[in-house]
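S.K.: My questions will all concern the structure given below.
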Amino acid sequence: MLRTAVLSLLLALCGWAAANWLTHGFQVWTDEGARRLEVALHPVDAPRVAVDGPGVAAPDLPALLAQDGGATIADFIYTRCQTVCLSLGSTFQQLQAALQADAEAGHPANVRLLSISFDGAHDHPAVLLAYARGLHADPALWRFARVPDAAQQQALLRRLGVVVVPNGRGDYEHNAALLVFDARGRMVRVFDITEQQLALDYARHLARNAP
């Protein structure tokens, strides 16, 4: 009886220790949660991949993120998407409205929005421009870009932890998140799509305290 109790206690302790290690001290329970914690602890430099898009003159992604010296909230989309990208578009419309309200109140936040297409073969600058106009995107606040080189595009997705899986029917399954970058081109936080206010507040704080 005593031996069984001791073995049960040891198994429970081993299980607790394993869970503690796997979840960074019980702070996360999923791979996505672990990714977000890791980014918060160790910001990720955006790779120097070439980008283009309507009104985009920067030679690469870090240069684009460094423009205006503030913070950027980014998402990954593709223009043919009829599911999660619609939700992301709506979220970015609300973020844009909040940033416009900041400016109208005399307190511009120096925060920009950036939607990056991972369907670079289809989403040429003209396609992105039409998509942006459909969302009533203000080009002063909300930019659209793609990575035209397929190898560089895959390198970017891997570096930032963006999961994109072709479904075999010309569409993609992909994760949705709001990625916050500082003016140095580092991804410093990742927020869930439902945490848009947290993402905006953090980006505002980041922009205010930029060196």
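S.K.: Is segment 161-172 home to any residue that is in the same structural domain as Leu65 (by TED's automatic domain parsing), under 24 Å from His42 (Cβ atoms) and in contact with a Phe, Trp or Tyr (Cβ under 9 Å, 6 or more places away or on another chain)?
M.R.: Yes, because at least one residue in segment 161-172 is in the same structural domain as Leu65 (by TED's automatic domain parsing), under 24 Å from His42 (Cβ atoms) and in contact with a Phe, Trp or Tyr (Cβ under 9 Å, 6 or more places away or on another chain).
S.K.: Six or more apart or on different chains, Cβ atoms under 6 Å: show the pairs whose first residue is in segment 54-71 and in the same structural domain as Ala126 (by TED's automatic domain parsing) and whose second is among the hydroxyl-bearing types (Ser, Thr, Tyr) and buried (at least 16 other Cβ atoms within 10 Å of the Cβ).
M.R.: Leu65/Thr72
S.K.: A further question on this structure: Which ones in segment 117-157 are of a type in the set (D, E, K, R) and closer than 19 Å to Asp171 by Cβ? Spell out how you get there, then give the answer.
M.R.: Going through segment 117-157, the residues of a type in the set (D, E, K, R) turn out to be 119, 123, 133, 138, 143, 146, 149.
Matches in segment 117-157: Asp119, Asp123, Arg146.
S.K.: I would also like to ask the following. Can you tell me which residue among Ala63, Ala46 is modelled with pLDDT of 90 or more, among the hydrophobic types (A, V, I, L, M, F, W, C) and under 21 Å from Arg204 (Cβ atoms)? It would help to see each step written out before you state the result.
M.R.: Numbers: Ala63 fails: under 21 Å from Arg204 (Cβ atoms).
Unique residue meeting the criteria: Ala46.
S.K.: Could you please find all residues in segment 30-48 being farther than 19 Å from Arg146 by Cα and either in a helix (DSSP H, G or I) or in contact with a helix residue (DSSP H, G or I) (Cβ under 8 Å, 6 or more places away or on another chain) (or both)? Don't jump to the end; show me each part of the working.
M.R.: Step one: filter segment 30-48 for residues farther than 19 Å from Arg146 by Cα, giving 30-44.
Scanning segment 30-48 gives Asp31, Glu32, Gly33, Ala34, Arg35, Arg36, Leu37, Glu38, Val39, Ala40, Leu41, Val44.
S.K.: Of the residues in segment 49-71, how many are assigned to a loop (DSSP other than H, G, I, E, B) and of a type outside the set (Val, Ile, Thr)? Spell out how you get there, then give the answer.
M.R.: Taking segment 49-71 first, the residues assigned to a loop (DSSP other than H, G, I, E, B) are 49-51, 53-60, 70.
Next, only the ones that are of a type outside the set (Val, Ile, Thr) stay: 50, 53-55, 57-60, 70.
Number of matching residues: 9.
S.K.: Another question about this same structure. Taking Leu128, is it buried (at least 19 other Cβ atoms within 10 Å of the Cβ) and touching a Phe, Trp or Tyr at 6+ places or on another chain (Cβ under 6 Å)? Full working, then the answer.
M.R.: Details: buried (at least 19 other Cβ atoms within 10 Å of the Cβ): yes; touching a Phe, Trp or Tyr at 6+ places or on another chain (Cβ under 6 Å): yes.
Answer is yes for this residue.
S.K.: Moving on. Identify, please: which residue in segment 72-122 is among the hydroxyl-bearing types (Ser, Thr, Tyr) and assigned to a loop (DSSP other than H, G, I, E, B) and is, among those, surrounded by the fewest Cβ atoms within 10 Å (Cβ to Cβ)? So that I can check it myself, show each step before the final result.
M.R.: First, the residues of segment 72-122 that are among the hydroxyl-bearing types (Ser, Thr, Tyr): 72, 78-79, 83, 87, 90-91, 115, 117.
Keeping just the survivors that are assigned to a loop (DSSP other than H, G, I, E, B) gives 78-79, 83.
Numbers: Tyr78: 21, Thr79: 20, Thr83: 12.
The selected residue is Thr83.
S.K.: Is it the case that Arg133 is without any contact (Cβ under 8 Å) to a residue 40 or more places away in the chain, surrounded by fewer than 19 Cβ atoms within 10 Å (Cβ to Cβ) and assigned to a loop (DSSP other than H, G, I, E, B)? Don't jump to the end; show me each part of the working.
M.R.: On the way: without any contact (Cβ under 8 Å) to a residue 40 or more places away in the chain: yes; surrounded by fewer than 19 Cβ atoms within 10 Å (Cβ to Cβ): yes; assigned to a loop (DSSP other than H, G, I, E, B): no.
No; evaluated as a whole, the condition is false for this residue.
S.K.: In segment 148-188, which residues are farther than 26 Å from Ala109 by Cβ, in a loop (DSSP other than H, G, I, E, B) and touching a strand residue (DSSP E or B) at 6+ places or on another chain (Cβ under 7 Å)?
M.R.: Hits for segment 148-188 are Pro148, Val163, Asn167.
S.K.: Does Asp171 satisfy the criteria of being modelled with pLDDT of 95 or more, surrounded by fewer than 17 Cβ atoms within 10 Å (Cβ to Cβ), more than 16 Å from Pro62 (Cβ to Cβ) and not aromatic (Phe, Trp, Tyr)? Walk me through how you get there before you give the answer.
M.R.: Values: modelled with pLDDT of 95 or more: no; surrounded by fewer than 17 Cβ atoms within 10 Å (Cβ to Cβ): yes; more than 16 Å from Pro62 (Cβ to Cβ): yes; not aromatic (Phe, Trp, Tyr): yes.
Criteria not met by Asp171.
The values are calculated or read from the model by the stated rules, or taken from the named source; none is laboratory data. All values reported here derive from a predicted model rather than from experimental measurement. All Cβ positions, glycine included, derive from the backbone under ideal geometry; neighbour counts span all protein chains shown.
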